[in-house]
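Comments concern the structure below.
Just so you know, all these numbers are worked out from the coordinates, no wet-lab data involved. What you see is a predicted model; the values in this text were computed from it and never measured. Reconstructed Cβ throughout: ideal geometry from the backbone, glycine too, with neighbour counts over all protein chains shown.
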Amino acid sequence: MKDLVYYHFSPSPPSRGALLTIRNLNLPVEIKEINLFKKEQLNPEFLKINPQHCIPTIDDDGFVLWESRAISQYLVESRAPNSHLYPKEPKKRALVNQRLYFDLGTLYPRIRAICFPVLFLGETTISEEKTKQLYEAFNWLDGFLQSTKWVAGDEVTIADLSILASLASIVNVGADISKYHNLAKWYKMCETLPGFEENQKGAKVFGDAVKSKLTSGF
Ligand SMILES: N[C@@H](CCC(=O)N[C@@H](CS)C(=O)NCC(=O)O)C(=O)O
């Protein structure tokens, strides 16, 4: 069986999220970079693989899948079905899913609402309203972490990895998490996770790209 192929762009938060799952499972992988700044996702060869032209995308011996959280779920289920990274027990799994959907539907869209217009649409400031929305999401996340060590329980899961990739991106733009004590403690604890440094490197490139176009910060 061939190694898993991972189409990746390191500044991209979702792309780093599923890569963290690969690193935490310690899977052999062939990474193929798709440079979004050069619009390589629109190359005909990549469009044949993923007509929706988004990364991350995997090719697992001919099985193609995109959507970072679906990739993480698939990789744990296919490679390490008994792993705590995606627990099988229904209530534990439901909580992991809820946190993943929180990232997909709330946290990451609020980060994207700040960064996408700066990176691609010529905006140079961050509105008060968008900042308020971001910090509201931090506050909810801080609340999740009040009674558990990790975002969905006392063991690390793919929800932590997905949220880490999102959060590191906006922290590198300059967002301040220090007032959210549980969140700040969790972020520090994430330093122990495989792939943390690699994620930080990509998040820094992302943060620097956004900051280079801003005339003022948060
Ligand atoms: N919900 C998707 C989002 C994927 C996504 O939007 N990826 C962006 C980079 S952050 C992308 O590939 N953009 C290029 C394009 O859509 O053409 C996921 O989590 O994988």
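Data for the structure
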| item | result |
| --- | --- |
| Residue list for the range 29-72, filter: in contact (Cβ under 8 Å) with a residue 60 or more places away in the chain and within 7 Å of the ligand (Cβ to nearest atom) | 68, 69 |
| Residue pairs meeting the criteria (Cβ under 8 Å; at least 6 apart or on separate chains; first touching a residue at least 60 places away in the same chain (Cβ under 8 Å) and more than 18 Å from residue 209 (Cβ to Cβ), in the range 104-117; second near the ligand (Cβ under 10 Å from one of its atoms) and part of a helix (DSSP H, G or I)) | 107/166 |
| Looking only at the range 73-85, and only at residues there that are of a type outside the set (A, V, I, L, M), away from the ligand (no atom under 16 Å from the Cβ) and within 18 Å of residue 17 (Cα to Cα), the one that is surrounded by the most Cβ atoms within 10 Å (Cβ to Cβ) | 83 |
| Pairs with Cβ under 9 Å, 6+ apart, first in the range 189-218 and within 24 Å of residue 154 (Cβ to Cβ), second among the polar types (S, T, N, Q) and surrounded by 17 or more Cβ atoms within 10 Å (Cβ to Cβ) | 190/199; 191/200; 193/24; 193/199; 194/24; 195/21; 195/24; 199/10 |
| Sole residue being surrounded by fewer than 18 Cβ atoms within 10 Å (Cβ to Cβ) and closer than 21 Å to residue 149 by Cα, chosen from 201, 211, 185 | 185 |
| Some residue of the range 171-178 being closer than 25 Å to residue 92 by Cβ, surrounded by 14 or more Cβ atoms within 10 Å (Cβ to Cβ) and not hydroxyl-bearing (Ser, Thr, Tyr) | no |
| Residue among 67, 40 that alone is of a type in the set (D, E, K, R), closer than 21 Å to residue 203 by Cβ, surrounded by 14 or more Cβ atoms within 10 Å (Cβ to Cβ) and over 18 Å from the mean Cα position of the chain (by Cα) | 40 |
| Some residue of the range 87-101 being within 13 Å of the chain's Cα centre (by Cα) and within 12 Å of the ligand (Cβ to nearest atom) | yes |
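Residue-by-condition table, conditions (1) closer than 26 Å to residue 185 by Cβ; (2) basic (Lys, Arg):
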| position | (1), (2) |
| --- | --- |
| 84 | yes, no |
| 87 | yes, no |
| 90 | no, no |
| 102 | yes, no |
| 107 | yes, no |
| 112 | yes, yes |
| 136 | yes, no |
| 141 | yes, no |
